[in-house]
Amino acid sequence: MQRRDFLLAPLAQATPSILVHEHVMVDFVGAAAIRPGRYQPDEVAAIALPHLKALHALGCRRLLECTPNFLGRDPLLLQRLARDSGLELWTNTGLYGAGDFKYLPDFARRESASELAARWIAEARGGIDGVRPRFIKIGVNRGPLHPLDRKLVEAAVLTSRATGLTIAVHTGNGAAALEQLSILRTMRHSPAKWVWVHAQSERDHAIHQRVAESGGWVEFDGISPGSLQWHLDCIRFMAEHKMLHRTLISHDAGWYHVGEPRGGDYRGYTCLYTDLLPKLDAATRTQLLWTNPRRAFGR
C-alpha cells in the first residue's frame, strides 16, 4: 500500500480546531474523601487561564474537559474560564470506574445501570449548577471488564440513547474496547456514539482498525514531545487503511492537581500544534481537529 507523506509545510496560524480530551483540574483524592473547599477557584483560574488563552491564540475554539464527577468536575469554574479565554469549555456527565473504582461513590456500586442512567439523564437535561453537560465521560479498567465496569458502560448507553450525547470512555486496553463494542451491539446502540479514549495505549494496530471499521471512534490522545513518533505512526496507519474519518487526537493535558502546592505541574495544550500538526498536510489537520470532533460530539 502506498505510504502517505506527512512531512509538509509549516502549520498556518490560527487554523480552527477542537481538542476532544483535555483537563483543567483533577482531584485524585478519591470519591470517599472528595469534598467542597479542597481548592480555591480563584487560584485554579489564575493558573489555568494563561494556558487556555495560549490555546485560543493557536486557533482552538472548543475544549472538551474530561474530568468526571467525583474526580474534580467543576462546571462553574469552566464557565468562568470559557468567558475569560474565549474558548468553549464543555463539561460532562458520567462516572469514572478506572483506577479500581477509587473514584466511584457508594451509590454507583449499589444502583442498577438504569438508576445510574437516570441520574446522568437528569444532569444532561437539567444541567449541573445551571451548566448543561455536552457529552458522557466514563472510565473502565483493563479487560476483561469487571461487572461494575460493564454496568457503567450500560448506563452510558442508556443515557446516550435518551439524550443523544456521545460516550467517551477511558479504556485500559484493546480487550476492554472490544468488549465495550460487544455491549453496544447487544444493546443495539450505534458505535458512532462511542469513543475509545487512550487508544494509543494499545500497540496492536489491528485492534485500532477493527474498532474503526465497526464504526467506533479511535482516539489517540496523550500527545507529548516524547510520543510524537508513535502518534504519527498511528495517524499514518489509520490514513493508509482509510480510517482517518474515525480518528480523533488530543493531549490529555493540563491540569491543576488539587492537593499539590499551586496545583503542581500544569502541562499546557500546545505540543500538538507546535510539534505534531506541522508534520501533517492541511486536509489531515482539518479532518482530525475540526471535521471529526464535530461529527463525533456534535457542532
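No value in this document is a laboratory result; all are computed from the given coordinates. Keep in mind that what you see is a predicted model, and the values were worked out from it rather than measured. We place every Cβ from the backbone using ideal geometry, glycine too, and count neighbours over all the protein chains shown.
What number comes out for the charge environment of S17, summing +1 per Lys or Arg and -1 per Asp or Glu over other residues with Cβ under 9 Å away?
Local net charge: +3.
Which of these, G139, G126, G215, has the largest mean-square fluctuation under a Gaussian network model of the chain (Cα springs below 10 Å)?
The residue with the greatest mean-square fluctuation here is G126.
Can you list the aspartates and glutamates whose alpha carbon is less than 14 Å from that of K279, not counting same-chain residues fewer than 8 positions off?
The reachable aspartates and glutamates, counting only those whose Cα sits under 14 Å from K279, are D5, D233.
Need the C-alpha centroid separation for the range 124-186 versus the range 99-117, integer Å.
12
Would you calculate, for the chain, the mean residue ellipticity at 222 nm contributed by helices, counting each DSSP H stretch of 4 or more residues as -39,500 (n - 2.57) and dividing by all residues, to the nearest 500?
One gets -11500 deg cm²/dmol as the mean residue ellipticity at 222 nm.
Of K102/K137; K102/K151; K53/K193; K53/K137, which ones are farther than 20 Å apart at the Cα?
Listed pairs above 20 Å: K53/K193; K53/K137.
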